[in-house]
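Okay, structure first, notes after.
The values are calculated or read from the model by the stated rules, or taken from the named source; none is laboratory data. Owing to the predicted nature of the structure, the values given are computational and were not obtained by experimental measurement. Every residue, glycine among them, receives a Cβ derived from its backbone with ideal geometry; neighbour counts consider all protein chains shown. Just the protein is used for accessible areas: all its heavy atoms, side chains included, with ligands, DNA and RNA removed. Shrake-Rupley method; radii C 1.70, N 1.55, O 1.52, S 1.80 Å.
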Amino acid sequence: MSLLNIKNLNVRFGDATATPVVDGLDLAVDKGEVLAIVGESGSGKSVTMMALMGLIEHPGIVTADALVFDGKDMLTLNARQRRKIVGKDMSMVFQDPMTALNPSYTVGFQIKEVLKQHLGLSGRAAHQRALELLQKVEIPGAAQRLDAYPHQLSGGMSQRVAIAMAIAGEPKLLIADEPTTALDVTIQAQIMDLLLALQKEQDMALVLITHDLAVVAETAQRVCVMYAGQAVEVGQVPGLFDVPAHPYSEALLAAIPEHSMGAARLSTLPGIVPGRYDRPSGCLLSPRCPYVQDKCRQQRPGLDPKAHSLARCFFPLNQEVA
Amino acid sequence: MFSFIARRVGLLIPTFFGITLLTFALIRLIPGDPVEVMMGERRVDPEMHAQAMERLGLNKPLYAQYIDYVGKLAHGDLGESLRTRTSVWSEFTSLFPATLELSIAALIFAGILGLLAGVIAALKRGSLFDHGVMGISLAGYSMPIFWWGLILIMFFSVSLGWTPVSGRIDLLYDIPPKTGFMLIDTLLSDEEGSFMDALRHLILPAIVLGTIPLAVIARMTRSSMLEVLREDYVRTARAKGLSPARVVFVHGLRNALIPVLTVFGLQVGTLLAGAVLTETIFSWPGIGKWLIEAIGARDYPVVQNGILLIACLVILVNFVVDILYGFANPRIRHQR
């Protein structure tokens, strides 16, 4: 029984006829597992997780056959019940820490707010716990930092505070939406190390949305590759990285600079992600796929088991079983 | 912070000179002089006229009059009214509470209603309520105060008889002025029903005077709120599982208020300008009505120094708002 089970998730903006931003996505996350979601900008990675958290606002429409977290279907809960879970058992760290914290309140206030909301802590107990959380995310001089305002913190510090807020309710699932993209390269590794240490220590599941395949290779147990709102390949990390079944996964891996060592140019996939008005009727990758065949242009493949992974492709690569 | 205050104070000096020069010149640009007005419309005896002008020091060349005026000001002497022979300062201080009471009532009315309407309009963006509020506030902003005041008097006072037509309190009551605020004085006095009467007198002028600030605050709150609600930290607040009310008011409104506060301060100037008209329409015995009468009588010292005092007030209020702004916005507070 997995911790999170998403079946046929669709997110549209506008009305029911609008092109889905997330298109029939199936995804499961086990307890204590690290799952990475990778894909180009606009492929629906963040929107998927925002839908799970209930953060999609009008005019967004979220539908799914199932959106089960920890045995509860998030879609059938009312807003009040959902708020008991969101921010506590399931929480999220966002991309840009410099704008994710409220500039008008101190760090302490913003952490204690979570403690009060979900654990009913206030006064000394909340203060003590907030201090512990800051120490846990390795903020130097934690006691003084409680009274600091966000503009007095660096990007890396702000992200640590955001992480402290996210783990305040001891979540079973932490979603990190490109948590290091907006940070300096030197800080990125520190934040990743922190997230993974916390994940192990608290035995929580971690969904890591990222562009950084090197990070995925080092940290994740499984990876979900998204393209144009669909999961195109889902598999174990060593397997998918060594023998990608989907041409898009292969192209993503080929685009890592280290893989083009010695070549004059970086390997790229020509073309762009199909937009609202030019979605192909067949496989969504068909206009860009180097291996495209007639069938790909006419029918849309499903996400089916292949030799090493689940892939959405009629003619998967690397299918010889070792 | 200190250099900020020093710079602001430094700017005040040329501003003061500008104001004195302007009021001095403007009142003298109006045809007629105080003596003519005092002596009535019929032919004035030229000899008496000249005598009176000399007695008042108005026969000197303009530059000499201006130097006299500024010289007196430098000694803190605001002069005395040509009509009543009482000092401008004491007239101002006795009338100002009435204007202050009216202005505070107008600001409370405009602030509460404006914030509420602005926040709801922002939350229900594009709805009928939103369009309604924005339409009405545009109309409110564009409305001439004197016309709006007369319409309200016609409707509520004359047709419906709900509120009195003019004044601060019914002549039946004899309220000893302790604080100058009628609402407080009536509470302190033992005249029964006088407080409600004072309140009924206050409602209509406060609404009239508060209409423009209300429109400005509502529009400003709406646009500021719309901007803030798109911010990442509002998403963070929602991701914490906080209630919608807490997200909107604690995380949204607190930040949206910062620009509204500036507008609020600027409205004080508009308010005092509006008070001149409102007080005239409602015969409200405040500094607005006082100034209008002084202009009519060419009471030079009252006009010059009355306007100077009002200008000081506006400057002071904006100064206070600037400092409050620092409290509302930690990013400014910590700048040096």
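Quick check on chain B: helices-only [θ] at 222 nm, where DSSP H runs of length 4 and up contribute -39,500 (n - 2.57) each and the sum goes over total residues. Nearest 500, please.
-23500 deg cm²/dmol
Calculate the mean, over all residues of peptide A:93-106, of how many other protein chain Cβ atoms lie within 10 angstrom of the residue's Cβ. Numbers along the way, then the final one.
Details: counts 2, 5, 1, 1, 2, 1, 5, 8, 3, 12, 8, 11, 6, 1.
The shielding value for this peptide is 5.
Would you calculate a helix-derived [θ] at 222 nm for chain A, using -39,500 (n - 2.57) for each DSSP H run of n ≥ 4 and dividing by the full residue count, to the nearest 500?
Values: 12 runs with 103 residues, N = 322.
Computed ellipticity for chain A at 222 nm equals -9000 deg cm²/dmol.
With the convex hull built on the Cα atoms of the stretch B:245-305, state its orientation-averaged projected area in nm².
6.0
Which peptide among B:128-135, A:158-165, A:218-225 comes first, and what is the full order, when sorted by highest mean count of other Cβ atoms within 10 Å? Write out the running numbers ahead of the final one.
Details: B:128-135: 14.5, A:158-165: 26.8, A:218-225: 21.6.
Top to bottom by mean Cβ count within 10 Å: A:158-165, A:218-225, B:128-135.
Just to confirm a number: summing +1 for Lys and Arg and -1 for Asp and Glu over residues other than B:MET53 whose beta-carbon lies under 10 angstrom from that of B:MET53, what do you get?
Values: positive: B:ARG55, B:LYS60; negative: B:ASP33, B:GLU36, B:GLU54.
Charge balance near B:MET53 sits at -1.
Report Rg/Rh for the stretch A:277-322, rounded to two decimals, where Rg is the Cα radius of gyration and Rh the Kirkwood radius. Intermediate values should be presented prior to the final figure.
Values: Rg = 11.4 Å, Rh = 11.3 Å.
With Rh from the inverse mean 1/r over Cα pairs, Rg/Rh is 1.01.
Assuming 0.692 mPa s and 37 °C, estimate D for the stretch B:24-113 with Stokes-Einstein, Rh taken as the Kirkwood radius over Cα pairs, in µm²/s.
Values: Rh = 16.1 Å.
The estimated diffusion coefficient comes to 204 µm²/s.
For the protein assembly as shown, treating each Cα as an identical point scatterer without solvent, what Debye log10 I(q)/I(0) comes out at q = 0.06 1/Å?
For the protein assembly as shown at q = 0.06 Å⁻¹, log10 I(q)/I(0) is -0.54.
How much of A:TYR105 can a 1.4 Å solvent probe reach, expressed as accessible area in Å² and rounded to 10?
30
Cα axis of helix B:88-123 to longest principal axis of chain B: angle in degrees, 0 to 90, nearest 10?
Between helix and principal axis, roughly 20 degrees.
Work out the mean other chain Cβ neighbour count within 10 Å for the residues of B:237-250 and drop it here as an integer.
Numbers: counts 5, 9, 17, 16, 17, 8, 4, 2, 0, 2, 0, 0, 0, 5.
So the per-residue partner count for this stretch is 6.
Going by amide H atoms built from the backbone, whose H comes under 5 Å of the H on A:ALA231, apart from near neighbours?
Answer set, sorted by chain and number: A:ASP26.
On a 0 to 90 degree scale, rounded to 10, what angle separates helix B:2-29 from the longest Cα axis of chain B?
Once rounded, one gets 40 degrees.
I'd like the distance between the alpha-carbon centres of the stretch A:108-144 and the stretch B:263-302, rounded to an integer number of Å.
54
Between the stretch B:150-211 and the stretch A:274-322, what is the separation of their alpha carbon centroids in Å?
79
Residue by residue through the stretch A:18-26, what is 3J(HN,Hα) from phi via Karplus (6.51 cos²θ - 1.76 cosθ + 1.60, θ = phi - 60°)? Round to whole Hz and write x for glycine and proline.
Values, residue by residue: 5, 5, x, 7, 10, 10, x, 8, 10 Hz.
From the phi of every residue in the stretch A:178-186, what ³J(HN,Hα) in whole Hz does the Karplus formula 6.51 cos²θ - 1.76 cosθ + 1.60 yield, where θ is phi - 60° and glycine or proline is x?
6, x, 10, 4, 8, 9, 4, 4, 5
Rg/Rh for the stretch A:55-180: what does it come to with C-alpha atoms and Rh from Kirkwood? Don't skip to the answer; put the middle values down first.
On the way: Rg = 15.4 Å, Rh = 15.4 Å.
Radius of gyration over Kirkwood radius for the stretch A:55-180 works out to 1.00.
Over the stretch A:230-311, what per residue volume does the convex hull of the Cα atoms give, in whole Å³?
On the way: hull volume 8.7 nm³, N = 82.
That works out to 107 Å³ per residue.
Of the peptides A:271-279, A:228-236, A:205-213, how do they stack up when ordered by the mean number of other Cβ atoms within 10 Å, highest first?
On the way: A:271-279: 12.3, A:228-236: 24.1, A:205-213: 22.1.
Descending mean neighbour count gives A:228-236, A:205-213, A:271-279.
List the residues whose amide H sits under 5 Å from the amide H of A:LEU121, counting only those 5 or more places along or on another chain, with H placed 1.01 Å from N in the peptide plane.
The answer is A:LYS116.
Could you tell me the calculated FRET efficiency between B:LEU116 and B:THR179, based on Cβ-Cβ distance and R0 = 25 angstrom, to the nearest 0.05?
Efficiency for this residue pair is about 0.25.
Can you pull the three principal axis extents for the Cα set of chain A, in Å, largest first?
Result for chain A: principal-axis Cα extents of 68, 50, 37 Å.
Work out, step by step, the length gained on full extension between A:ALA217 and A:GLN236: first 0.36 nm times the residue separation, then minus their alpha carbon distance; give nm to one decimal. Mind dumping the intermediate values first?
Numbers: separation 19, 0.36 × 19 = 6.84 nm, distance 1.02 nm.
Extending this stretch completely gives an extra 5.8 nm.
For the stretch B:257-264, in order, what is each residue's ³J(HN,Hα) by Karplus, 6.51 cos²θ - 1.76 cosθ + 1.60 with θ = phi - 60°, in whole Hz (x at glycine and Pro)?
Once rounded to whole Hz, the list reads 5, 4, x, 5, 4, 4, 4, 4.
Under the rule a/c < 1.5 gives rounded, and otherwise a/b versus b/c splits prolate from oblate, where does the stretch B:1-77 land using the Cα gyration tensor? List each step's numbers first, then the result.
Values: a/c = 4.11, a/b = 2.85, b/c = 1.44.
Prolate shape, in that a/c is at least 1.5 and a/b is the bigger ratio.
Please give, to one decimal in nm, the separation of the simple spin-label points placed at B:MET196 and A:PHE13, each 7 Å out from Cα toward the Cβ.
About 5.7 nm, to one decimal.
Once you average over the residues of A:50-58, how many Cβ atoms of partner chains fall within 10 Å of each Cβ? Before the final figure, lay out the partial values.
Details: counts 3, 0, 0, 4, 3, 4, 0, 3, 2.
Rounded to a whole number, the mean comes out at 2.
Pairs B:LYS72/B:LYS289; A:LYS72/A:LYS306; A:LYS45/A:LYS116; A:LYS45/A:LYS112: which are spaced more than 28 Å apart, C-alpha to C-alpha? Intermediate results must be reported in sequence, preceding the final value.
Details: B:LYS72/B:LYS289 25 Å; A:LYS72/A:LYS306 31 Å; A:LYS45/A:LYS116 31 Å; A:LYS45/A:LYS112 30 Å.
Cα-Cα > 28 Å for A:LYS72/A:LYS306; A:LYS45/A:LYS116; A:LYS45/A:LYS112; rest within.
Cα-based Rg of chain B per 2.2 N^0.38 Å, rounded to two decimals? Please report the intermediate quantities before stating the final value.
On the way: Rg = 23.9 Å, N = 336, 2.2 N^0.38 = 20.1 Å.
For chain B, the normalised Cα radius of gyration is 1.19.
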